[in-house]
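Here's a structure for you.
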Amino acid sequence: MKKIIITVLVASSLMSCTLSDRVGYSYLDKAELTLNYQFTKDEDFSKSNEEIESLELYIFDGNGMFFRQESYTHSHILPNGIYQTYLPNDNYTIVSWVNADENTTLPTCVAGDCLEDITLKVKGSRGEFNTMDDLMYNCHHIRVQKGDKRDVTIDLSKLTYHIDLKITGLESLEAPESYYFGTENCTEINFNDQKGNCVEMYKPTLSYNGGVAVGEFKVLQFAPEATIPIGIFSKETSEKHFFSADLNSLIPQYIKDDMLSGKTLSTKVQIDVHEEYISIKIEDFEVAKIQIENLGE
């Protein structure tokens, strides 16, 4: 595991368009900040910027009120570049969101909006939540004064849990595609990195081939003590059809230990449907057998 330093290069023509704010001082009256982003990556990866597709900055003043928002795409993120921003004297909170894309609803803030009241939301499709973007996040507090030239290191936290899902044994059903795998998880997070109270059912998109269904999806990382219900549901009745279990209680401890390490969290989950029971495997190890009755009725 290693720290990879990411810096952001912003063309001056773009900077002149994005660095407007409500204060109206000239750059000579402001402090100059250079933001150096870094995050933990697995040793298998070598390209320092390959996981960053976009950067969204929200800047709040010393009272926690919205000050400025800036947006940058992957084309502005270079291994040896510099991201600079200019701020007048004050205390600031700089909130950074990385990789917020088509599965994320970012707020559009205006003057008067308070940091404590703003949330990022997972975007559903036609009322359903299939996956989320591979988000990274940081909330950084800083005091600046006129004439400062500061290099600031910002550690990004990874917020998503990757699940590689495989379900076998569905050939015993008359219509395998009339059932879906579901797991409950939070769909919003506020700007202080606290999960909201909005919990929804994630229904990952699966590919069916005979009696096998496979798919990959992402949910927000959950606390080691959280309950994460999973189950196979009927699309027609929206009720639990085969089983329900707590995914978190089945995850091996060594994976839970990685939850606070900054690693990319990824787990293989396999559900095998048998005549009289459901077998659940995590990382190819059987962790549970759940007896079922009247399978498919």
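Once R0 is set to 35 Å, what does the formula 1/(1 + (r/R0)^6) return for the Cβ-Cβ distance between His162 and Thr108, expressed as a FRET efficiency to the nearest 0.05?
My answer for the efficiency is 0.75.
Apply the Debye scattering formula to segment 160-291, with a single equal point scatterer on each alpha-carbon and no solvent, then give log10 I(q)/I(0) at q = 0.10, 0.13 Å⁻¹.
-0.33, -0.55
Quick one: if you stick a label point 7 Å off each Cα along the C-beta vector at Glu174 and Ser279, how many nm between them?
Modelled inter-label distance: 2.8 nm.
Taking the Cα centre of each part, how many Å lie between segment 86-102 and segment 164-186?
Centre-to-centre distance over Cα atoms comes out at 41 Å.
Given H placed on each backbone N at 1.01 Å, which residues far from Glu53 in sequence or on other chains put an amide H within less than 5 Å of it?
Those lying under 5 Å, H to H, from Glu53 are Asn99.
Could I ask something else about it? Could you work out how much longer the chain between Asn248 and Lys268 gets when fully extended? Use 0.36 nm per residue separation minus the Cα distance between them, nm to one decimal.
Gain on stretching Asn248 to Lys268: 5.9 nm.
Computed from the coordinates by the stated procedures, all read-outs in this text should not be read as laboratory data. Nothing here was measured: the structure is a model prediction, and the numbers come from that model. Quick reminder, even Gly has a Cβ in these numbers, built from the backbone with ideal geometry, and neighbours come from all protein chains shown.
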